[in-house]
Amino acid sequence: MAKGGKGRKRLNKKQIIDKLQDFFLENPEKQYSFKEIFRALRLDTHPAKMLAVDVMEEMAWDDFLVRKGESAYQLNQNGQVQEGTFQRKANGKNTIVPDDGAAPIFVAERNSMFALTGDKVQFTIMARRKNHIREAMVTKILQRAKDTFVGKLRVERDFAFLVSDGNIFVNDVIIPKRKLKGGKTNDKAVVKITQWPSKENKSMIGEVVDVLGETGDNDVEMNSILAQYGLPYKYPKAVEDAANKIDPTITEQDYKEREDFRDVTTFTIDPHDAKDFDDALSIRELSKGLWEVGVHIADVSHYVTEGSIIDKEAVKRATSIYLVDRTIPMLPERLCNFICSLRPDEEKLTYSVIFDMNEEGEVLRWRLHHCVIKSNRRFCYEEVQKILEDNGVVDGTGQPAPPPAKGKTYQGEYATELIMLDRIAKKLRAARFKHGSVKFDREELRFDIDEKGKPTRCYFKIAKDANKLVEEFMLLANRTVAESVGKVAKGKKPKTLPYRIHDQPDPTKLETLRQFVVKFGYKVKTDGTKGAITKSLNTLLDECAGKKEQKVIETVALRAMMKAKYSIHNIGHYGLAFEYYTHFTSPIRRYPDTMVHRLLTRYQAGGRSANKEHYEELCEHSSDMEQIAQNAERDSIKYKMVEFMSDKIGNTYDAHISGLTSYGIYCEIDENHCEGMVSLRDLKDDYYDFDERNYCLIGRRHHNRYQLGDPIRVQVAKANLEKKQLDFGIADE
């Protein structure tokens, strides 16, 4: 009889089926990786492990198990009838994402009940045919995601139609001519659905609620993006009127109740085109080697009272939105750019965290106070960067400015103060990485825009030392105030506070990263302590820095990371390696920061803990709105990218493969960072299979390989502004 490891008999298939069934039925709530399953069932030979993997695959096919990522499974506890979120695809490959987080399930168009992306639906798992994928049928639409849509009007003799952006409808929306609101053919419009499709009538009927203007106009296109996501593109007059009535005068009572920082050196450091300055830094020397650093934040909650008309609008918006050529503010302009904005040479009210620090970046004491400040100078990042570099700072090295030559002083306006802040920030940054913070320095795509909104240049903006200086003090303030509420004595309950939380990386995606980087000769840990995994990730990011594979490894590593969000249930912030973290420093542009200001003020006055359910609802809403705003921002970037390339059809460029799917190759042009796609149908030389695990396409006959990160020469084939899509072809060598 053949023996397994350690003298045990080799298990047959039936025995492994029984073991696996018992194991998953005993642990129905938990998902397990292959490693955990092998260990628990003591499968320590290669044949036993491979047989177990095959059995689990069959169990998933029979819906006994649910597959979780590439190498993990969980007991399927769902019946045939479930609920989920519908995702409509232009290519007809619709899916439902079940509420339990299981893998998306395919829905044929005939079984969709005309559901649209985001709709909450009830569905039934259909009986599986042999050698076919799982399919579902929508049985009920529980809740429509939205009832207004954006598109282009087509006005004909008897009726008008809305041709949707992105072709999200099976049939166009019919609009009675009396409901056009003056819209003409080729106008972009916002249309509200008044009648949804049914078995009897497959068409949708709607009415125009707003005509945005002619297709192709820059303002119209940007407003269309906002309207498409249900985001506001104009400010309600009643809210603006309320803001105009606010008295900005600082009263004698305000001065009495606040700490006075008007005579302390203070400045703001922001992008060159910023108008809403919501944070300022002050610095003064207390004694040799001891400095007082103030992080002063605009006191929005002093002017915006809870439940007011301005507050209700801010709650609804939850965040400012930054499209390529404009900002759609959370607060009315009078508040965000004037009354609350910490403009130079104007007295302003702030909520401030004041630190007593030594030059090693250690906080010896700190206090939280409402203050009055008067900023001495408005700096932009480039000005601060120049002052640092003029005094010997080499960007990116992490080294502060050297001491000035004997008998000399640092050169530049407020140079001594800026250099000291930079020195302390670099100590804070080094300590943060030492304690496990992940080193992701992401580049941002930016455009230079002319007066008509047309992009004239496309480039990446990289955070330099001046940006990092501000970032470190904002992180310190956010962490400190979060700890002041969240960190309590054993046995005591912390008071309610919205935290900015970030969960640990997805284990299966980490395993995918490990397998991927091995090909480049790198290693990364996928199990062990949080600190060990982060240290390993940082080592990987350091080792690949400056190499041709850097971008691709960073991309795959980033995909393993979870999304940060807001919650009153604190689990810490993995990416920053902070046990407690919140958002306190940007109340002009983020509603959670305003919530935090109000609660800190309440708790400082001895108030009771706030209602948990209410604040968790606000946190969930803020997280959702943040994601929607990011999607709109991405769409505006895509639009400008296509617009920038629209007069370059036929041009060829050096590029690299930035993404791969089963339907095409995404390529990013090296010169200007514009991204387009080479469709798989345009690769005529072979039939290509998509290897998802190894991020590559492989030709069946000639074994030609397209790998993520590979250099490639592309030709611009088409620039479709309506679809925000760039089509490339592979250039002839």
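The values are calculated or read from the model by the stated rules, or taken from the named source; none is laboratory data. Because the structure is predicted, anything quoted here is derived from the model rather than measured. Cβ placement follows ideal geometry from the backbone for every residue including glycine, while neighbour counts extend to all protein chains displayed. Please note that ligands, DNA and RNA were not included when accessible areas were found on the heavy atoms of the full protein model with its side chains. Shrake-Rupley method; radii C 1.70, N 1.55, O 1.52, S 1.80 Å.
Quick look at the values:
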quantity	calculated
Signed unit charges on C-beta, dipole axis of region 115-250, positive-most listed residue Thr185, Val211, Ile141	Ile141
Sparse-neighbour loop sites [trypsin sites (Lys or Arg not before Pro); region 637-733; at most 14 other C-beta within 10 Å; DSSP]	Lys684, Arg693, Arg700, Arg701
Amide H contacts under 5 Å for Thr327, placed H, 5+ residues apart	none
Region 144-217 - share of DSSP beta bridges that are antiparallel (%, nearest 5)	90
Semi-axis lengths (Å, descending) of the ellipsoid that matches the C-alpha gyration tensor of region 324-463	29, 24, 19
Surface accessible to a 1.4 Å probe, Thr305 within the full protein complex, Å²	80
GluC sites (Glu not before Pro) restricted to region 444-520 and DSSP loop, no more than 11 other C-beta within 10 Å	Glu451
Mean separation of Cα contacts under 8 Å (6+ apart) over length of the chain, as relative contact order %	8
Heavy-atom SASA rank of Ser536, Ser646 (probe 1.4 Å, accessible area, largest first)	Ser646, Ser536
Accessible area, probe 1.4 Å, largest first, for residues Ile246, Ile354	Ile246, Ile354
With every protein chain in place, the chain: carbon and sulfur % of accessible area (1.4 Å)	49
For the chain, the fraction of alpha-carbon pairs in successive 20 Å shells from zero, as %	13, 43, 35, 8, 0
Rel. contact order, % - alpha carbon contacts under 8 angstrom, at least six apart, region 278-353	33
Rg over Rh [alpha-carbon atoms, Kirkwood Rh] for region 442-583	1.05
Two-decimal ratio, region 4-85, of alpha-carbon radius of gyration to 2.2 N^0.38 Å	1.14
Local electrostatic count, Leu290, Cβ distance below 13 Å [Lys/Arg +1, Asp/Glu -1]	-3
Contact order relative to length of region 157-308, as percent, for alpha carbon pairs under 8 angstrom and 6 or more apart	12
Sequence-distant residues sharing a close amide H with Asp210 (under 5 Å, placed H)	Val190
3J(HN,Hα) from dihedral phi, region 374-384, Karplus parametrisation 6.51/-1.76/1.60, rounded to Hz, x for glycine, proline	9, 5, 7, 7, 9, 9, 9, 3, 4, 5, 5
Largest-first principal axis extents of the Cα set of region 228-363 (Å)	56, 38, 25
Solvent-accessible area of Leu510 with every protein chain in place, 1.4 Å probe, in Å² to the nearest 10	10
Rounded accessible area of Tyr687 (nearest 10 Å², 1.4 Å probe)	130
Which of Glu29, Glu221 is most accessible, then next, and so on - probe 1.4 Å	Glu29, Glu221
Taking all pairs of distinct alpha-carbon atoms in region 672-716, Kirkwood radius in angstrom	11.7
DSSP beta bridges in region 588-733 [antiparallel fraction, %, rounded to 5]	95
Size of region 534-606 as Cα extents on the principal axes (Å, biggest first)	54, 24, 17
Debye, to nearest 20: dipole size of the chain, +1 on Lys, Arg Cβ, -1 on Asp, Glu Cβ	2800
Loop sites in region 281-353: trypsin sites (Lys or Arg not before Pro), DSSP, at most 15 other Cβ within 10 Å	Lys288
Within the chain, helix-based [θ] at 222 nm, where runs of 4 or more DSSP H residues each add -39,500 (n - 2.57), nearest 500	-9500 deg cm²/dmol
Surface per residue (accessible, 1.4 Å probe) for the chain, Å²	50
Histogram of C-alpha separations across region 144-283, 10 Å bin width, %	10, 27, 21, 13, 13, 11, 4, 0
In order through region 683-689: 3J(HN,Hα) via Karplus (6.51 cos²θ - 1.76 cosθ + 1.60), integer Hz, x for Gly, Pro	8, 7, 6, 6, 9, 9, 9
HN-Hα J in Hz across region 342-350 - Karplus 6.51, -1.76, 1.60, θ = phi - 60°, x for Gly and Pro	7, 7, x, 6, 10, 6, 9, 8, 9
